[in-house]
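Trainee: Below: one structure in structure tokens.
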């Protein structure tokens, strides 16, 4: 009997709770929040902004820079009546579609404006925040119910379409057209962050950043900067590369992104690293191979074949093995343009665990995985050429003096020295955990006999935090010590005197081009401060949605509160101390006498030490040669 009473009691409680839930849901259905919206441009239906729930569980209306709080126009469903906004300073009637003075409810400017809203005889509250100094982008799904943001964010294979509008800070429409595609991109951001990065493809070619006809393109990237509390690590890196005159450095711009009416945060709009007349301007080998082969069975159903590099593709190799490349069997070999001896290639260093999933690419004799971002499909001859070219470069880097005796070329005959120095120093300055491991690009134009290092890419978990990598943060936060000298290529280059001399020259405090470029980043008028001040309001809104102040992603000076201003302060100090430390250390180098101090220890080199290291390297090369011979 007692058990029956308990069951009846539980049933009664469930009915009561269910009733409360139903009542709450019913109230929510009639809530003004369900229809309250702002239109950033009354003439563009894509630019609406809805209220939404933030991390703290409160409801917000995140307004773009173009909103005028003194003449604010909001829209809501006609079922709502008697709508007023009120504070302790008074109240004002709000009619749908008619401007009102929202600012009159407050005595001073603020980052957040909390108001009571009365509608249908009920009073609740919500908070208004407004951005400043940055443009706003609006993406609207063609099918928001089935293929909206939640669906797109689920898989990098999910691709949606719709409409796109880009508004200036005064509300002027800079671009409005079809959105042919939006999809998630990236590896770490996609796997480890709820705030996703996107690649978009717009309906008509346009330069979304500067409006220059010669820079028009359809593909654009929206970086989430989730592993960077300052949100400017990528921006300052792009700017540094531009100041160093590194070709094809991405243009960039911070924007506020709205997706299906919801604010999704501060994003960095930038160019995709790809081949094209408005990007990396060289032969598009991928397009040539596609044109020659599209529609054929070997192109539509690619069969991947792995061959050895040393034998120029005539000897079968184990899949993904060192000293091998993989290509699509049966493709028509592309013809060379008149006056050229080889095709153009865009290469990317990649982690070994990602390489097997790629269709084509190659693995050097030292085990470095390299993707051919262009072309996507290697043919037999193109794969043999570019893998051998790179292998010759690798052999030069790891020789006794940077000289490949087999080919009679130095390492700088294979890769432009200035770009190689700049790419290394940018990664070293940032203490980039991925530096010369992943997202590290090189390109070989069809009309040049040497590669160029760059463009730079992916620097959000840098300059101190170290991002999500276990055990990294404690060392990356230290602005002293060399960081990537043990990474691929650099561990060989650093032992070559001509490369060390080039580093020393670039870091010279009097006239070193790299040292002087970094000076533009720091100080009151440096672009760390300029860029952080520009996005400050946007960053405040962004922080309501995303936990960017997670200690994993942010470092501040000891004793400082963990916040945006102190993260920027740390970044300024990190750069100041680090560039002077790097300059001071390289200034001490004298010929073959030099010390490499890292976070885990230091090692001093001289001619004798280098001689025995070279003997060891020669022995290892013989072993690798024998292994390749008997594969």
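The values are calculated or read from the model by the stated rules, or taken from the named source; none is laboratory data. Because the structure is a prediction, the values reported are computed rather than measured. For neighbour counting, all protein chains shown are included, and Cβ atoms are generated from backbone atoms with ideal geometry for every residue, glycine included.
Trainee: Would a scan of the stretch 175-185 turn up a residue that is under 23 Å from residue 425 (Cα atoms), at pLDDT 95 or above and not in a loop (DSSP other than H, G, I, E, B)? Break it down into steps so the answer makes sense when it comes.
Mentor: Pass one, the stretch 175-185, residues under 23 Å from residue 425 (Cα atoms): none.
There is no residue in the stretch 175-185 that is under 23 Å from residue 425 (Cα atoms), at pLDDT 95 or above and not in a loop (DSSP other than H, G, I, E, B).
Trainee: Please find, among 496, 490, the residue that is more than 24 Å from the chain's Cα centre (by Cα), touching a residue at least 24 places away in the same chain (Cβ under 8 Å) and surrounded by fewer than 23 Cβ atoms within 10 Å (Cβ to Cβ). Talk me through it step by step, then tell me what you get.
Mentor: Details: 490 fails: more than 24 Å from the chain's Cα centre (by Cα).
Answer to the selection: 496.
Trainee: For the stretch 255-279, give me each residue that is under 19 Å from residue 455 (Cβ atoms) and buried (at least 24 other Cβ atoms within 10 Å of the Cβ).
Mentor: Kept after step one, since they are under 19 Å from residue 455 (Cβ atoms), are these residues of the stretch 255-279: 268-279.
Within the stretch 255-279, 268, 271 meet the criteria.
Trainee: Are any residues in the stretch 228-254 part of a loop (DSSP other than H, G, I, E, B) and either in contact with a strand residue (DSSP E or B) (Cβ under 8 Å, 6 or more places away or on another chain) or surrounded by 24 or more Cβ atoms within 10 Å (Cβ to Cβ) (or both), and if so, which ones? Outline the logic, then answer.
Mentor: To start, the set of residues in the stretch 228-254 that are part of a loop (DSSP other than H, G, I, E, B) comprises 228-232, 244-251.
228, 229, 230, 231, 232, 247, 248, 250, 251, listed by residue number.
Trainee: Just one of the numbered conditions (1) in contact (Cβ under 8 Å) with a residue 12 or more places away in the chain; (2) more than 29 Å from residue 144 (Cβ to Cβ); (3) more than 19 Å from the chain's Cα centre (by Cα) is not true of residue 260; which one?
Mentor: Residue 260 satisfies every listed condition except (2).
Trainee: Is there a residue in the stretch 382-405 that is in contact (Cβ under 8 Å) with a residue 24 or more places away in the chain, part of a strand (DSSP E or B) and at negative phi?
Mentor: no
Trainee: Continuing with the same structure: Filter the stretch 337-374 for residues that are over 29 Å from the mean Cα position of the chain (by Cα) and either crowded, with 17+ Cβ neighbours inside 10 Å or touching a residue at least 12 places away in the same chain (Cβ under 8 Å) (or both) and give the result. Steps first, please.
Mentor: Taking the stretch 337-374 first, the residues over 29 Å from the mean Cα position of the chain (by Cα) are 337-342, 365.
Those that are over 29 Å from the mean Cα position of the chain (by Cα) and either crowded, with 17+ Cβ neighbours inside 10 Å or touching a residue at least 12 places away in the same chain (Cβ under 8 Å) (or both): 337, 339, 340, 341, 342, 365.
Trainee: Give the residue that is farthest from residue 210 (Cα to Cα), with candidates limited to residues of the stretch 290-308 that are in a helix (DSSP H, G or I) and in contact with a strand residue (DSSP E or B) (Cβ under 9 Å, 6 or more places away or on another chain). Break it down stepwise before answering.
Mentor: Narrowing the stretch 290-308 to residues in a helix (DSSP H, G or I): 290-293, 297-300.
This time we only want the ones that are in contact with a strand residue (DSSP E or B) (Cβ under 9 Å, 6 or more places away or on another chain), so: 293, 298-299.
Numbers: 293: 36, 298: 41, 299: 37 Å.
Among residues in the stretch 290-308 that are in a helix (DSSP H, G or I) and in contact with a strand residue (DSSP E or B) (Cβ under 9 Å, 6 or more places away or on another chain), the one farthest from residue 210 (Cα to Cα) is 298.
Trainee: OK, next. Is it fair to say residue 503 is over 30 Å from residue 393 (Cα atoms), outside the structural domain of residue 53 (by TED's automatic domain parsing) and in a helix (DSSP H, G or I)? If you could, list the steps in order and put the result at the bottom.
Mentor: Values: over 30 Å from residue 393 (Cα atoms): no; outside the structural domain of residue 53 (by TED's automatic domain parsing): yes; in a helix (DSSP H, G or I): yes.
Against the criterion (over 30 Å from residue 393 (Cα atoms), outside the structural domain of residue 53 (by TED's automatic domain parsing) and in a helix (DSSP H, G or I)), residue 503 does not qualify.
Trainee: Taking the condition modelled with pLDDT of 95 or more, touching a helix residue (DSSP H, G or I) at 6+ places or on another chain (Cβ under 6 Å), buried (at least 21 other Cβ atoms within 10 Å of the Cβ) and under 20 Å from residue 361 (Cβ atoms), does residue 435 pass? Talk me through it step by step, then tell me what you get.
Mentor: Details: modelled with pLDDT of 95 or more: yes; touching a helix residue (DSSP H, G or I) at 6+ places or on another chain (Cβ under 6 Å): yes; buried (at least 21 other Cβ atoms within 10 Å of the Cβ): yes; under 20 Å from residue 361 (Cβ atoms): yes.
Criteria met by residue 435.
Trainee: Please work out which one of (1) surrounded by fewer than 20 Cβ atoms within 10 Å (Cβ to Cβ); (2) closer than 21 Å to residue 356 by Cβ; (3) at pLDDT 95 or above is the condition residue 319 fails and give its number.
Mentor: Of everything listed in (1) surrounded by fewer than 20 Cβ atoms within 10 Å (Cβ to Cβ); (2) closer than 21 Å to residue 356 by Cβ; (3) at pLDDT 95 or above, residue 319 misses just condition (3).
Trainee: Shifting gears a bit: Could you list, in sequence order, all residues of the stretch 106-156 that are free of Cβ contacts under 8 Å to residues at least 12 places away in the same chain and assigned to a loop (DSSP other than H, G, I, E, B)?
Mentor: 108, 109, 110, 154
Trainee: Something else: Name every residue in the stretch 360-378 that is in contact with a strand residue (DSSP E or B) (Cβ under 7 Å, 6 or more places away or on another chain), within 16 Å of residue 446 (Cα to Cα) and not in a strand (DSSP E or B), in order of residue number.
Mentor: Within the stretch 360-378, just 378 meets the criteria.
Trainee: Additional query: For residue 509, work out the one condition from (1) in a helix (DSSP H, G or I); (2) surrounded by fewer than 19 Cβ atoms within 10 Å (Cβ to Cβ) it doesn't fulfil.
Mentor: (1) is the only condition that residue 509 fails.
Trainee: If you don't mind, another one. On the given criteria, is residue 451 closer than 19 Å to residue 364 by Cα, crowded, with 20+ Cβ neighbours inside 10 Å, more than 16 Å from the chain's Cα centre (by Cα) and modelled with pLDDT of 95 or more?
Mentor: Details: closer than 19 Å to residue 364 by Cα: yes; crowded, with 20+ Cβ neighbours inside 10 Å: yes; more than 16 Å from the chain's Cα centre (by Cα): yes; modelled with pLDDT of 95 or more: yes.
When the stated conditions are applied, residue 451 passes them.
Trainee: Moving on to the next point. Does residue 563 count as over 18 Å from residue 230 (Cα atoms) and surrounded by fewer than 15 Cβ atoms within 10 Å (Cβ to Cβ)?
Mentor: no
Trainee: Report those helices (runs of 4 or more DSSP H) wholly inside the stretch 525-607 carrying at least 1 residues which are touching a residue at least 24 places away in the same chain (Cβ under 8 Å), in contact with a strand residue (DSSP E or B) (Cβ under 6 Å, 6 or more places away or on another chain) and under 30 Å from residue 195 (Cβ atoms).
Mentor: On the way: elements: 527-534, 536-545, 564-587.
Fully inside the stretch 525-607 and qualifying: 536-545.
Trainee: Quick check on this structure: which one of 475, 485 is touching a strand residue (DSSP E or B) at 6+ places or on another chain (Cβ under 9 Å), over 28 Å from residue 251 (Cβ atoms) and modelled with pLDDT under 95?
Mentor: Numbers: 485 fails: modelled with pLDDT under 95.
On inspection, the qualifying residue turns out to be 475.
Trainee: Out of the residues in the stretch 64-93 that are in contact with a helix residue (DSSP H, G or I) (Cβ under 8 Å, 6 or more places away or on another chain) and in a strand (DSSP E or B), state the one that is farthest from residue 260 (Cα to Cα).
Mentor: Applying the filter and picking the extreme gives 90.
Trainee: From the residues in the stretch 338-358 that are in contact with a helix residue (DSSP H, G or I) (Cβ under 9 Å, 6 or more places away or on another chain) and assigned to a loop (DSSP other than H, G, I, E, B), which one is nearest to residue 311 (Cα to Cα)? Explain how you work it out, then say what you get.
Mentor: Kept after step one, since they are in contact with a helix residue (DSSP H, G or I) (Cβ under 9 Å, 6 or more places away or on another chain), are these residues of the stretch 338-358: 342-347.
Remaining after also requiring assigned to a loop (DSSP other than H, G, I, E, B): 342-344.
Details: 342: 18, 343: 20, 344: 22 Å.
This residue is 342.
Trainee: Something else now. Would you please list the contacts, defined by Cβ atoms under 6 Å and residues six or more apart or on different chains, that run from a residue in the stretch 175-187 that is under 9 Å from residue 199 (Cβ atoms) to a residue that is in a loop (DSSP other than H, G, I, E, B)?
Mentor: That search, which allows pairs on different chains as well, returns 181/159; 183/159; 184/156; 184/196.
Trainee: Then there's this: Quick check on the stretch 199-221: of everything there that is crowded, with 19+ Cβ neighbours inside 10 Å and without any contact (Cβ under 8 Å) to a residue 40 or more places away in the chain, which residue is farthest from the chain's Cα centre (by Cα)?
Mentor: Across the stretch 199-221, the extreme among qualifying residues is 206.
Trainee: Okay, next question. When residues of the stretch 257-289 are filtered for being in a loop (DSSP other than H, G, I, E, B) and farther than 30 Å from residue 50 by Cβ, how many remain?
Mentor: Of all residues in the stretch 257-289, those in a loop (DSSP other than H, G, I, E, B) come to 260-261, 272-274, 276-279, 281-284.
Filter again for farther than 30 Å from residue 50 by Cβ, leaving 273-274, 276-279, 281-284.
Number of matching residues: 10.
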